[in-house]
Each structure stands twice: as C-alpha cells, then as structure tokens.
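First comes the structure, then the notes that go with it.
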Amino acid sequence: MSTVTVAYIFERYPVLTQTFLRRELIGLSRSGLRLEVHSMFSSRRVSARQVEKLPDSIRILYFRWWHAAKLVIALPRELLRDPKLLRDGWRLWRRHRFANRENFWATVWAIIFSFCQAPKFRRSKPDILHGVRATGPATAAALLSRLCGIPFSFGAHAYDIYRHGGDAFLEPKLRAAQFAHTTTAAAEDYLRKRAGGNGTNIILARRGLESLPPKMERNAIDRPIVLLSVGRLVPKKGHVHQIAACALLKAWKIPFKARIIGEGPSRTELRRAIVEAGLEDRVILWGALSAETIEKAYYEADIFWHTGVVDAEGDRDGLPNVIPEAMAHGLPVIASNLPANTEAVTDGVNGFVVDATNAEQLAGAVKRLAQDPALRKKFGENGRQWVEENFLISRNAEILAGAFVAAKMVPK
C-alpha cells in the first residue's frame with residue numbers, strides 16, 4: 001500500500017468547513033498511501049488556529065490565477081497530442097446542460113487547470129487522480145486522466161450531486177471513473193441510479209473522527225437547558241425552524257439557551273427572526289469559531305439539534321459531520337428526517353427524528369429531553385457507541401485506501 005500515490009484535487013484548500021477532508025487525508029496517510037494536495041485556487045486566508053496543518057509528508061501545491069497564462073501554449077500542445085480531444089469535448093459540451101453559472105465557471109476553470117498542469121502530472125505520474133467533489137475537482141481529474149493516462153476517481157456527496165440536479169457531467173464521469181466515493185447509503189443509492197446501472201463502482205466509506213473526546217457528565221438541573229447547533233447559515237440548514245421552535249419553548253416556559261455556531265448569507269434573516277420573536281436573550285448567533293471553541297461549546301451543551309431541509313435549489317446535506325461529532329461528545333441529538341440523518345440517528349435510541357419544518361414537533365422533542373435527564377443520558381451513551389462503531393477515521397480510511405490500491409492494480 002505504501003507504493004500508491006494519490007493526487008487529491010481540491011477546488012480550494014484549506015477551507016474552514018472542510019475539516020472532515022483533512023481527517024480523511026490524515027487517515028489515508030496513516031494507511032500507508034503517499035498523498036499530494038493540488039488546490040485549483042489559492043487558499044483564502046484561514047488562520048492556523050482555525051484549521052490544523054496537515055502532516056509534512058503531504059505536499060500542498062497551489063495553482064495561482066496567473067498560471068492560466070500558460071493556456072496559450074498548453075491548449076495547442078494538448079490538442080496536438082490528442083487530435084480527438086476537441087471533437088469528444090464538443091460532443092460532451094453539447095449533450096450536457098449547465099443548470100447554473102457556478103457549475104459552468106467551475107468546469108471552465110477545471111479545464112484551464114488541467115491543460116496547464118498536464119505536463120507536471122505526466123512528470124510526477126501519481127498512481128491515481130482523485131477529485132474531492134463531483135464538480136470542478138472531478139472534472140479536472142477526469143480530463144487529466146485522459147491527458148496523462150492516469151486513472152481517476154472522485155468524491156460525490158451532497159451539495160455536488162443534489163443542488164440543481166448536480167454537476168452537468170456527473171453521468172459521464174461516473175462511467176469513466178475507477179470509482180466514486182460517497183459517505184452515506186442514501187447518496188450511494190442515488191449515484192447508482194444516476195449511473196444507470198452500468199456497473200460503476202460506488203465506494204461507501206464514511207467520514208470519521210480521529211479519536212473519541214473524553215466523556216463528561218452533564219447536569220442541567222439548576223440552569224436552563226443549552227441547545228447547540230453548528231453549521232453554515234444557509235437555507236438548507238433550516239435554522240429558521242429552530243427559531244420558530246424556540247418561540248414555542250419560550251411560550252411553554254421551558255428554560256433554555258440556544259447557541260448557533262456558523263456564518264453565512266442567512267445571518268441577517270435569522271437575526272431579524274430572533275428579534276421579531278423576542279428571543280434576543282435566549283438565542284445567540286455566535287458566528288464562525290475556532291475548532292477549540294466549538295469543542296468547548298459541545299461540552300457546555302445539553303442537546304444538539306440539526307434541522308436540515310431540502311432547499312429551493314434541491315441542495316441538502318448528506319450526513320452532516322456535526323451530528324456524529326455531537327454524538328461523540330455524548331449529546332442527545334434531534335435531527336430532521338432526511339434519509340442520510342437517519343443512518344446515524346435512530347428515533348428513540350440515540351435521539352429524536354422529526355419533521356424539522358414542524359415547529360411544534362421540533363419544540364416537543366426539545367421539551368421531552370429537557371424534562372428527562374435520564375433519557376438525555378441514555379441517548380448520549382447510545383450515540384457515542386454508534387460513533388465508536390461507525391465513525392472513526394482509522395476504520396473508514398482503510399476502506400477508501402483499499403479502493404485506491406485496487407484502482408491502481410485493475411485499470412479501467
């Protein structure tokens with residue numbers, strides 16, 4: 001396994017919300033793979049306190065915007081090497097339609113990146129190229145695969161396969177790839193349907209934590225119950241439903257404090273909803289925080305809730321990593337009834353599964369847990385056990401590592 005080199009292609013690295021990918025890279029490195037990280041864009045400024053560094057053994061290589069000037073020479077060079085490239089590309093371009101501008105420009109940049117970087121990949125010759133998402137990174141991996149004769153695979157999870165129907169070239173990439181990696185059974189089933197039953201290899205390997213955090217006894221008898229939510233402030237996270245439920249909890253005279261960690265375009269809307277409901281002293285928007293501060297927030301909380309929904313663009317979460325993280329900290333979880341959530345949260349066993357858009361049902365689940373410390377403890381213990389059995393990177397990275405080794409040994 002130590003002889004296998006995998007070139008991971010990111011749209012941008014690092015990103016604060018991609019801690020799970022850092023863990024994946026570390027897990028694969030510990031499994032014996034040699035890894036390179038190729039970022040198609042320069043990294044935005046992310047402080048060392050917010051994102052931990054990768055091990056020194058994993059190289060990070062950036063494609064700067066001015067490198068695109070090489071396209072003047074790179075494009076004719078690659079077309080001379082592969083005269084059918086333009087014809088085949090045009091056929092694909094005509095057959096598949098972009099549902100949004102973001103996908104269009106991500107594809108354009110992936111093409112520019114691939115043409116300009118092809119000589120470097122031919123020289124370094126990794127054993128397999130891996131796009132971390134089914135959008136631009138997978139397109140770059142697929143095109144580089146053809147240009148350099150290197151097999152490729154890609155990750156396909158939630159945003160990149162559901163929003164606006166997913167990437168425009170998802171089906172041809174599924175057919176051409178050695179495998180597609182996903183992290184939920186719901187996404188695995190969806191991808192098999194999109195592939196059209198053509199034998200595409202779909203690898204289900206969940207994300208995972210590096211280790212379990214220390215256990216902690218919680219006691220909310222003499223203070224308000226603390227509710228915690230962690231996630232970007234975007235419509236698919238359903239934070240507006242949390243605020244509606246909090247208004248009911250206040251009316252029912254349930255003592256509570258709600259903390260929402262995350263940043264995003266919905267902040268103004270959420271702030272307005274909090275003020276209109278008279279919840280300024282109960283619900284706090286904490287913004288984006290460091291990993292250490294979020295860790296502390298898990299220990300200070302009594303209940304974790306995740307109210308994910310399908311938004312107007314069809315986007316939704318897979319299994320949000322924050323749910324297993326909360327379970328690892330021994331927190332009972334209230335989760336919306338999206339299919340991927342129910343792969344971790346079993347109603348009445350380690351949490352409650354509810355219709356997140358139903359404020360009364362959501363608030364009712366909080367009320368029941370708030371009034372029953374023994375039930376909170378039971379759910380917390382069961383949730384931690386699920387994480388130990390299903391969500392440690394030391395186990396799940398081995399599955400993905402095995403897929404990379406097999407991809408090298410059996411060319412498609």
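The values are calculated or read from the model by the stated rules, or taken from the named source; none is laboratory data. No experiment lies behind these values; they were computed from the predicted model shown. All Cβ positions, glycine included, derive from the backbone under ideal geometry; neighbour counts span all protein chains shown.
Against the test of being at pLDDT 95 or above, out of contact with any strand residue (DSSP E or B) (no Cβ under 7 Å at 6 or more places or on another chain) and either part of a helix (DSSP H, G or I) or not assigned by TED's automatic domain parsing to the domain that holds F20 (or both), the options R91, R146, R87 yield a single qualifying residue, R146.
For the range 253-273, a residue qualifies if it is touching a strand residue (DSSP E or B) at 6+ places or on another chain (Cβ under 8 Å) and outside any loop (DSSP other than H, G, I, E, B), and the qualifying residues are F256, K257, A258, R259, I260, I261, G262, R267, L270, R271.
Of all the residues in the range 162-186, those that are in contact (Cβ under 8 Å) with a residue 40 or more places away in the chain and either buried (at least 20 other Cβ atoms within 10 Å of the Cβ) or within 25 Å of E398 (Cβ to Cβ) (or both) number 15. Of all the criteria given as (1) modelled with pLDDT of 95 or more; (2) within 15 Å of L209 (Cβ to Cβ), the one not satisfied by I303 is (2).
Hey, among the residues in the range 274-301 that are charged (D, E, K, R) and part of a helix (DSSP H, G or I), which one's farthest from V230 (Cα to Cα)?
Checking each candidate, the answer is E276.
Residues considered: I111, I128. Of these, the only one that is under 25 Å from A195 (Cβ atoms), β-branched (V, I, T) and more than 22 Å from the chain's Cα centre (by Cα) is I111. For K125, the conditions (1) farther than 14 Å from V6 by Cα; (2) modelled with pLDDT under 95 are fulfilled apart from (1).
Among the residues making up the range 345-360, a single one is assigned to a helix (DSSP H, G or I) and exposed (fewer than 15 other Cβ atoms within 10 Å of the Cβ): E360. The condition of being of a type in the set (A, V, I, L, M), surrounded by fewer than 17 Cβ atoms within 10 Å (Cβ to Cβ), assigned by TED's automatic domain parsing to the domain that holds C148 and out of contact with any Gly (no Cβ under 7 Å at 6 or more places or on another chain) holds for only one of A68, A74, that being A68. Residues being surrounded by fewer than 19 Cβ atoms within 10 Å (Cβ to Cβ) and in a loop (DSSP other than H, G, I, E, B) are represented in the range 304-311 by at least one member.
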